[in-house]
Amino acid sequence: MTIDLSSPVIMGILNVTPDSFSDGGKFNSLDNALRQAEYMVKNGARILDVGGESTRPGSQPVDAKTECERVIPVIKKLKSEFDCVISLDTSKAEVMSEGLEAGIDIINDVCALGNPGSLEVAAQTDVPVCLMHMKGTPATMQIKPHYEDVVEEVMDFFDQRINICEQAGIRRERLWLDPGYGFGKSLNDNYNLLQNLDRFSKYKLPILAGLSRKSMLGNLLNLETSDRMVSSVVAATLALTKGANILRVHDVEETHQAVQIYNAMVNGVGNE
């Protein structure tokens, strides 16, 4: 399925896990997942990002079989019932392969194709691949992360991963970049990356911003996860002004309103 990124696109988060940091357990039945998908598509999501393994700070990995059992039935049903782009949020080659057979349109990998076999799987298909920066692993990433210059180090990481992907036969134009807000970053690192997101335009590749309900909002404003909708929409809007092309969010309807306002500001609203 063609993905038009000529204007900002909303990626709705569909976690089919019992333990995700914000909505764990809400959508890990097929019926609940489909109802949430329908709601998100109706309210402005162009992409649905299906994940079967929590990557919240301190989380532990699950095996590929369990992850496939969670995501593949949902993906197959989504493909049959909804006219939208389906992204699979996984770092495992086996899960990527199963997802591609089920018809996914995007691979979204928090490990940037760094796990065994994932480069080879991605090279055998033609779908876009989102490479995310993470320092450490979900279990360790928030244990005193440190950078001399977080923006430069994330850019160095992307330089390396893009080169490795191209050497593996993955065309550069298939790649998306995600600086990985909250993945091995301090509070100040996250806001430094947001302030400098426009620097990543040098790659001339789509930029995904995943700020939704993150601790960088809750810790700054002393908000519980469930109370971070307004701050998430504000952060997403700021990311748009810094060049983000894809917004990965929980609060689709509210973010869609922000995108419409942003588009009107940038492009005008036409003749009344």
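Please treat every number below as a calculation from the coordinates, not as lab data. Nothing here was measured: the structure is a model prediction, and the numbers come from that model. Cβ coordinates were reconstructed from backbone atoms using ideal geometry, including for glycine residues, and neighbour counts include every protein chain displayed.
For residues that are of a type in the set (G, A, S) and in contact with a helix residue (DSSP H, G or I) (Cβ under 7 Å, 6 or more places away or on another chain), scanning just the range 162-212, find the one that is surrounded by the fewest Cβ atoms within 10 Å (Cβ to Cβ).
The residue in question is G169.
Can you pull out every residue in the range 179-215 that is over 17 Å from V234 (Cα atoms), in contact (Cβ under 8 Å) with a residue 60 or more places away in the chain and either in contact with a Gly (Cβ under 7 Å, 6 or more places away or on another chain) or of a type in the set (A, V, I, L, M, F, W, C) (or both)?
F183, the sole residue that qualifies.
Could you grab me the full set of residues in the range 147-160 that are more than 19 Å from the chain's Cα centre (by Cα) and in contact (Cβ under 8 Å) with a residue 40 or more places away in the chain?
Of everything in the range 147-160, those that are more than 19 Å from the chain's Cα centre (by Cα) and in contact (Cβ under 8 Å) with a residue 40 or more places away in the chain turn out to be Y147, V150.
Within the range 213-227, can one find any residue that is among the basic types (K, R), surrounded by 22 or more Cβ atoms within 10 Å (Cβ to Cβ) and at positive phi?
Yes, there is a match, as at least one residue in the range 213-227 is among the basic types (K, R), surrounded by 22 or more Cβ atoms within 10 Å (Cβ to Cβ) and at positive phi.
Mind counting the residues in the range 39-72 that are within 23 Å of I3 (Cα to Cα) and not in a loop (DSSP other than H, G, I, E, B)?
Of the residues in the range 39-72, 11 are within 23 Å of I3 (Cα to Cα) and not in a loop (DSSP other than H, G, I, E, B).
Yes/no matrix, rows are residues, columns are (1) touching a residue at least 12 places away in the same chain (Cβ under 8 Å); (2) over 13 Å from V9 (Cα atoms); (3) surrounded by 15 or more Cβ atoms within 10 Å (Cβ to Cβ):
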{"residue": "S232", "(1), (2), (3)": "yes, yes, yes"}
{"residue": "T241", "(1), (2), (3)": "yes, yes, no"}
{"residue": "E253", "(1), (2), (3)": "yes, no, yes"}
{"residue": "V266", "(1), (2), (3)": "no, yes, no"}
